[in-house]
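Chemist: One structure, pasted below without further comment.
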Amino acid sequence: MTMIAAWLLASFACWDNDPATPCPASPAANARYTALAMLGGKPAPPGVAPDSACVLAERPKKDGGSNTSKCLEALRWRKKLDEEELKGVTCEKTAFLAHTWWDGPMVRVVAMFLRSFRATQHAQCAKLVVWTPGDGTERSTERGRALVEQVEAMSGAPVVFQTLHMEAAAGAMAKGTLFEEYVTNAVLAHDWSTTKPGDKKEGTRHFSDFFQLFVLWRYGGVYFDADQVLLRDLYPLWGLNFEYQWSFIPEKFNNAVQGLGRGEGEALIRHGGKLKGLGCCKGWGNTLWTAKVVKGLGNTYGLPCTAWDPFWLRMDGHHTGEMTRPSLNFPEPVNRNWLFQAQYDVVKDWYDGAFGIHWHGGAGGAGGGDANAWLPTVKDGSYFDHWEQIYS
């Protein structure tokens with residue numbers, strides 16, 4: 001038996017690393033995306049022929065520029081295979097455990113992320129845990145409660161809210177792990193109360209960068225920042241350690257989406273001495289940027305930027321303008337939060353092939369959209385308005 005044949009026939013565990021519960025994603029499905037691995041992360045494994053479609057499509061101007069349509073094309077034909085294969089997938093227990101963190105009352109854009117998860121992910125195999133800093137904080141306003149009830153009324157993949165009692169649960173979760181000292185000295189020492197969505201104070205704004213590694217170490221799975229819209233099932237990525245490339249830069253990954261196995265990534269977590277710090281939790285995001293690639297500690301596949309964030313290639317100004325639908329020159333002037341304004345009917349299916357859209361909730365302000373990007377102005381007929389209607 002050849003090496004690749006043996007690899008394809010082997011059953012393997014999803015991110016929880018439990019060999020008793022084989023991952024229902026086929027190795028062939030994984031291989032479709034490890035073949036697209038970008039240069040900054042792990043290369044395609046033995047027996048998987050690399051596909052340079054996205055490597056050549058996400059480049060700086062000096063190397064020819066970025067042409068997102070080429071990468072979207074490579075993603076679209078894979079999507080068809082994924083969807084056909086997914087028809088036969090069943091689960092006896094959760095195979096795709098996802099996590100996010102939200103501090104404060106629920107808002108429209110975060111509810112959109114939760115709705116998109118319910119609508120696009122496998123109803124039997126996937127579950128999203130929304131971690132919050134206090135009992136019922138997501139329902140602490142009339143609007144927040146109504147939005148949560150809308151999410152809970154949907155059918156589809158389950159979304160559950162889990163309070164992380166900082167005075168108790170975090171310490172208990174960290175006990176006996178490499179996080180124990182840090183959580184005791186830095187995390188538990190902070191006031192986590194908040195009444196604002198996307199609070200900017202220390203301990204809330206930066207907590208998600210730390211918490212994603214903490215919760216993935218504890219449980220495994222995929223961590224999502226809350227400023228996203230999911231467009232299709234992540235089935236072919238189940239079990240992979242991955243992030244996506246930051247624009248055209250192979251030296252950086254974007255940790256807005258991160259898949260990591262339970263108990264993995266110790267070298268990454270210890271990088272930069274963050275666990276010895278007394279303040280929570282500045283710098284964890286930058287630590288991930290440098291450690292994943294520059295220090296070679298990630299043991300992670302870098303997926304194409306186009307798979308999550310195609311418009312960022314426009315934001316960085318390294319596109320060629322040679323798009324099939326539409327040109328990356330749209331919109332003008334460039335705006336980070338354009339999906340709340342651009343009319344869906346004008347540039348329909350622009351993102352077809354991408355797994356999701358990371359719209360950069362922290363990217364508001366001058367030149368970037370609304371000053372509070374968690375409460376943007378949403379125009380009727382915009383992409384966001386369209387998704388709200390179909391994810392209901």
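Chemist: From the cross-link list Lys42/Lys93; Lys175/Lys276; Lys175/Lys274; Lys42/Lys274, which pairs have alpha carbons spaced over 26 Å apart? Intermediate values should be presented prior to the final figure.
Modeler: On the way: Lys42/Lys93 29 Å; Lys175/Lys276 16 Å; Lys175/Lys274 18 Å; Lys42/Lys274 24 Å.
Distance filter (> 26 Å) returns Lys42/Lys93.
Chemist: Cα centroids of the range 72-95 and the range 300-318: how far apart, whole angstrom?
Modeler: Here the answer is 22 Å between Cα centres.
Chemist: Give Lys61/Lys379; Lys80/Lys379; Lys87/Lys127 a once-over and call out the pairs whose C-alpha atoms are over 23 Å from each other. Write down the numbers at each step before the final one.
Modeler: Details: Lys61/Lys379 33 Å; Lys80/Lys379 31 Å; Lys87/Lys127 18 Å.
Listed pairs above 23 Å: Lys61/Lys379; Lys80/Lys379.
Chemist: Sticking with this one: Compute the FRET efficiency between Gln124 and Arg270 as 1/(1 + (r/R0)^6), taking r as their Cβ-Cβ distance and R0 = 45 Å, and round to the nearest 0.05.
Modeler: That pair, Gln124 with Arg270, gives E of 0.75.
Chemist: Round to the nearest 10 and report in Å² the accessible area of Ile390, as given by a 1.4 Å probe over the protein chains' heavy atoms.
Modeler: Per-residue accessible area (Ile390): approximately 90 Å².
Chemist: So who's got an amide H within less than 5 Å of the one on Ser66, skipping anything under 5 residues away but keeping other chains? H placed 1.01 Å off N, in plane.
Modeler: When sequence neighbours closer than 5 places are left aside, the close amide H contacts are Arg59, His319, Thr320.
The values are calculated or read from the model by the stated rules, or taken from the named source; none is laboratory data. None of these values were measured; they are calculated from a predicted model. Counting neighbours? That spans all protein chains shown, and the Cβs are built from the backbone with ideal geometry, glycine included. When the accessible area is computed, the model is the full protein with side chains, heavy atoms only, and any ligands, DNA or RNA have been set aside. Shrake-Rupley method; radii C 1.70, N 1.55, O 1.52, S 1.80 Å.
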